[in-house]
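Only the coordinates and a few stated rules stand behind these numbers; no lab work does. What you are looking at is a predicted structure, and each value in this text was computed from that prediction instead of being measured. Neighbour counts run over all protein chains shown; Cβ positions are idealised from the backbone, glycine included.
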Amino acid sequence: MSERIVFFLTKLSSEEERDDYEAWVRETDVPTARGLPGVQKYRVVRLEGPVMDGVGRPSYDYIEIIEVSDLETYQGALGGVDPEFLAQFTGFIGEFESVHGCVVE
């Protein structure tokens, strides 16, 4: 079975919230996410710009990369997340997308 990865692509509601959001990520989001059943590895990456000339700035500010042992277990765990945690997340985020995929090797 191939490795399952979940991605959250997020855009801040305001650039002025960057420092507060990143503090929340370190203090609240990372420990919460890493404690969810099925999560093997969790990282949040700030997107800073393109690598290649001629490519525009990314439309999102961050990408969350979540390696999961079992997608259904992870999805079930998301349903049990504290509503206050979700309210904090959506308070910082203007828009987001979540997708999953598998590693192709």
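A few comments on the model shown:
- Segment V99-L71, extension gain: residue separation times 0.36 nm, minus the distance between their alpha carbons: 9.0 nm
- The chain, relative contact order in percent, only Cα pairs under 8 angstrom and at least six apart counted: 49
- For the chain, Kirkwood radius (reciprocal of mean inverse C-alpha pair distance, Å): 14.7
- Just checking the listed ones, A33, A87, A77: in the Gaussian network model of the chain with Cα springs under 10 Å, the one fluctuating most is A87.
- Using the Cβ-Cβ distance between S59 and D82 with R0 = 22 Å, the FRET efficiency computed as 1/(1 + (r/R0)^6) comes to roughly 0.15.
- Neighbour-limited loop hits for GluC sites (Glu not before Pro), the stretch 1-64 (at most 11 other Cβ within 10 Å; DSSP other than H, G, I, E, B): E48
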